[in-house]
Amino acid sequence: MATRKPAPPAFVCTECGWTTAKWVGRCGECQQWGTVSEQAAPTGFLRRMTPLAPHADRAARPITQITTEDAPRRTSGVGEFDRVLGGGIVPGAAILLSGEPGVGKSTLLLEVAAQSARAGRRVLYASAEESPAQVRLRAERTGALHDELYLASETDLATILGHIDEVRPQLVIVDSVQTVSSSLTDGAAGQPSQVREVAATLIRVAKERSLPIIIVGHVTKDGQVAGPRVLEHLVDVVCHFEGDRQTSLRFIRALKNRFGPTDEVGCFEMTGGGIAEVPDPSGLFLSQGATEPGTCVAIALEGKRALPVEVQALTIPSSAPNPRRVVHGLDASRVAMVLAILEKRASIKTSMLDVYVSTVGGVRFTEPAADLAIAIAVAGSVQLNSVPRTVAAVGELSLAGEIRPVTQAAQRRSEAARLGYEQVVDDRSKTLRAALNDVRARNTNRRPDGEIPPF
């Protein structure tokens, strides 16, 4: 009887788990140098797998006989987190939460754990990065202490499973998957093989016991979840927690969700007492003082949520051969394009001016819908005319000076009306020059002679 030869050795990237038949210096997936190493192939003969008869409950059925009842959900106690998950946590769901170091992942999940415990559901928080005393100090600061919240500091997967058997929780949080290791797999914690084994075991436990598990994942310098790509395929929900360390605003969005939509965004604010929900973040991105020349409000879209964002512009004469262009919170290339359109299509000269353009509150607004608001703000700064508080602008500018429609325009106008804006300047004005005239008609800052200054 002929025997099969064992498979040749494979070469595996230690960063992302990419495999290749021969050694290469650079990984073809994550593009890292020097991370591909040889992995010994399994020895012995290739065995034929024996088919097993499925259990009666798992037998294949016609798709028309399968019910379409939604999986029951239960609230996490944090409304903005529930919004992103699609209405709550589904029993047996495996949720991956990623984010940059220090953005507040542990603080957010500690608040979720505390709220679930207050609702009468026992929670196990397994921290593999901090000691119990460190987590307790944070819980005291944020008011997350509760008798139904159990805390364990473990890096061994088998011990964490033992805690689950002993505590019998209704929600498990593992912080983080890159710091937990399994004795059944070679390699240190964080290696692709370890991350794959730990995640697969936790997901199997979640499905067998209908136990929701939230797993924290680290990210690389490029913002991708560290470890093998299969980690994101295994879990049911992938959420990303993001924010600028210079501001207190934080956003959480779903990149994958098997139980709901992926176009919802949750807003939070980091405070001295922990993390707080921001159900209506409108006031965070608007200035509170009197109307000044060089400001205009745009309606941004974060997922399904429309947010008013104030765009501010400042222009001053420059004696340098190359005037400065400083942009914060907006796309610098689009700002440069808007300045060129203003000069060519609206006869507003900016080539000899230093131009500073920014958003209020540190929010990033990089979608094309900001073009018209940028143009109106810059024009107001050049001509010293202010835009009334009752006017907002939404529109994308073409190089011909035309205003193009943007996505979800009706929803943006509806949100603007709800917030008290009486006029939304958009693609209905057709051209940039016409839009500036529309704003000019609303301008009540008359000169001493009674004339309305040209916009």
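Side notes on the structure shown:
- Every test in (1) over 24 Å from residue 247 (Cβ atoms); (2) surrounded by 21 or more Cβ atoms within 10 Å (Cβ to Cβ) is passed by residue 318 save one, and that test is (2).
- When residues of the stretch 390-406 are limited to those that are assigned to a loop (DSSP other than H, G, I, E, B) and touching a strand residue (DSSP E or B) at 6+ places or on another chain (Cβ under 7 Å), the one surrounded by the fewest Cβ atoms within 10 Å (Cβ to Cβ): 390
- Pick from the stretch 273-295, criterion without any contact (Cβ under 8 Å) to a residue 40 or more places away in the chain and more than 22 Å from the chain's Cα centre (by Cα), ranking: farthest from residue 386 (Cα to Cα): 288
- Hits in the stretch 236-286 - residues which are among the small types (Gly, Ala, Ser) and in contact with a Ser or Thr (Cβ under 8 Å, 6 or more places away or on another chain): 248, 254, 273, 274
- Of residues in the stretch 286-312 being of a type in the set (S, T, N, Q) and not in a strand (DSSP E or B), the one modelled with the highest pLDDT: 291
- For the stretch 394-407, the set of residues classified as out of contact with any Asp or Glu (no Cβ under 7 Å at 6 or more places or on another chain) and either closer than 13 Å to residue 298 by Cβ or β-branched (Val, Ile, Thr) (or both) consists of 407 only.
- Within the stretch 161-268, strands (runs of 3 or more DSSP E) holding 2 or more residues that are under 18 Å from the mean Cα position of the chain (by Cα): 213-217, 237-243, 249-257
- Meets criteria (surrounded by fewer than 16 Cβ atoms within 10 Å (Cβ to Cβ) and either under 18 Å from residue 425 (Cβ atoms) or modelled with pLDDT of 95 or more (or both)) for residue 370: no
- Taking each residue of the stretch 380-394 that is at positive phi and looking for partners that are in a loop (DSSP other than H, G, I, E, B) and not hydrophobic (A, V, I, L, M, F, W, C) with beta-carbon atoms closer than 8 Å, six or more apart or interchain, yields 384/293; 384/453.
- Of all residues in the stretch 321-359, those satisfying the criterion of being assigned to a loop (DSSP other than H, G, I, E, B) and either surrounded by 13 or more Cβ atoms within 10 Å (Cβ to Cβ) or of a type in the set (Phe, Trp, Tyr) (or both) are 323, 329, 330, 331, 346, 348, 350.
- Within the set 77, 87, the sole residue that is surrounded by fewer than 22 Cβ atoms within 10 Å (Cβ to Cβ), small (Gly, Ala, Ser), touching a helix residue (DSSP H, G or I) at 6+ places or on another chain (Cβ under 8 Å) and at pLDDT below 95 turns out to be 77.
The values are calculated or read from the model by the stated rules, or taken from the named source; none is laboratory data. As the structure is a computational prediction, the values presented were derived from the model and not from experiment. Using ideal geometry, Cβ is built from the backbone for each residue, glycine included, and neighbour counts are taken over all protein chains shown.
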